[in-house]
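The values are calculated or read from the model by the stated rules, or taken from the named source; none is laboratory data. These numbers were taken from a predicted model, which means no experiment stands behind them. For neighbour counting, all protein chains shown are included, and Cβ atoms are generated from backbone atoms with ideal geometry for every residue, glycine included. Ligands, DNA and RNA are excluded from the accessible area calculation, which covers all protein heavy atoms including side chains. Shrake-Rupley method; radii C 1.70, N 1.55, O 1.52, S 1.80 Å.
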Amino acid sequence: MAIRLSRTFVLRKLHQLTGIMPLGFFLLEHFYTNSKALNGPADFNNAVKDLQSIPYILLVEIGGIFIPLIYHAVYGLVITAEARPNNLAYPYPRNWFYTIQRITGIILFFFITFHVLNFRFGMIPGLNTLSVARHPDQSFAIVSGEFAKWWIFTIYVVGITSTVWHLANGIWLFMVDWGITIGERAQRLTGYACIAFGLLLLAVGINAAIAFIKPGGLIPGIL
Ligand code: HEM
């Protein structure tokens, strides 16, 4: 018997899948590369140089990051526009998580647009004018120059925190929706695991950002 899938179902599943793969995996790779800044400018610049030497890098970026990101972002905004928050009538954690997932999605939309224009293309008037990808030898200097402005650093702290929250809660949603965690107890334990993962990822992401303004990050020599 042939199974007919509704268009909304397929679009929705594709939206959930792109959040994990490639976007979630890309975020882990991105934090790994950023953490090279803990070892100083030379290591970070070499990491950027290595990434740029990947064969067909532009195609990899367009197919592996930009297209899935634009799809996830635009369809995410459509889902958000249809959302019916009910937090005042039902103030349970899951209802708040539902609303925060949508709020962080909107923050991410603006943050990622700003971030890509700021560093990948150097196209925001009055800010950095060099593309980090095209100037790997200056990439640490470009990022640290921007982060020296307190308000830009604040935008990045808010952006990193929102991204980590969105991904950690998104992994939980994905596992429940795709039938990987079934049952009350499994969902509760997975919830704790996602919180622990989120806190660890937040520490890694923020520490990498700090390494651009304070050599070695928050606790040099230990981590
Ligand atoms: C760029 C702007 C973004 C917007 C507007 C957005 C929006 C959304 C929305 C509204 C949901 C909830 C969908 C639902 O409950 O059915 C969602 C889920 C999710 N998002 Fe995003 N998102 C964005 C970026 C990202 C990024 C960069 C990542 C990865 C780091 C990501 C990962 C996820 C994951 C894993 C889910 C859970 C999928 C699921 O519901 O099963 N999102 N997103």
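In table form, for the structure just shown:
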quantity	calculated
Within the stretch 111-159, considering residues that are open to solvent by 20 Å² or more (accessible area, probe 1.4 Å) and charged (D, E, K, R), the one nearest to the chain's Cα centre (by Cα)	ARG120
Residue under evaluation LEU14, criteria (1) within 30 Å of PRO136 (Cα to Cα); (2) within 16 Å of the ligand (Cβ to nearest atom), criterion not met	(1)
Some residue of the stretch 64-82 being near the ligand (Cβ under 10 Å from one of its atoms), open to solvent by 70 Å² or more (accessible area, probe 1.4 Å) and under 16 Å from the mean Cα position of the chain (by Cα)	yes
First in the stretch 59-83 and touching a residue at least 60 places away in the same chain (Cβ under 8 Å), second anywhere and in a helix (DSSP H, G or I), Cβ under 6 Å, 6 or more apart	TYR75/HIS15; GLY76/GLY105
Subset tally (residues that are within 16 Å of the ligand (Cβ to nearest atom), free of Cβ contacts under 8 Å to residues at least 60 places away in the same chain and in contact with a helix residue (DSSP H, G or I) (Cβ under 8 Å, 6 or more places away or on another chain)) for the stretch 29-58	1
Test set (1) more than 25 Å from ALA47 (Cα to Cα); (2) part of a helix (DSSP H, G or I) - GLY179 fails condition number	(2)
Any chance THR161 is assigned to a helix (DSSP H, G or I) and over 28 Å from LEU58 (Cβ atoms)	yes
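Yes or no, residue by residue, for (1) farther than 20 Å from LEU23 by Cβ; (2) touching a Lys or Arg at 6+ places or on another chain (Cβ under 6 Å); (3) within 14 Å of the ligand (Cβ to nearest atom):
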residue	(1), (2), (3)
TRP172	no, no, yes
ALA186	yes, no, no
ALA203	yes, no, no
ILE206	no, no, no
PRO215	yes, no, no
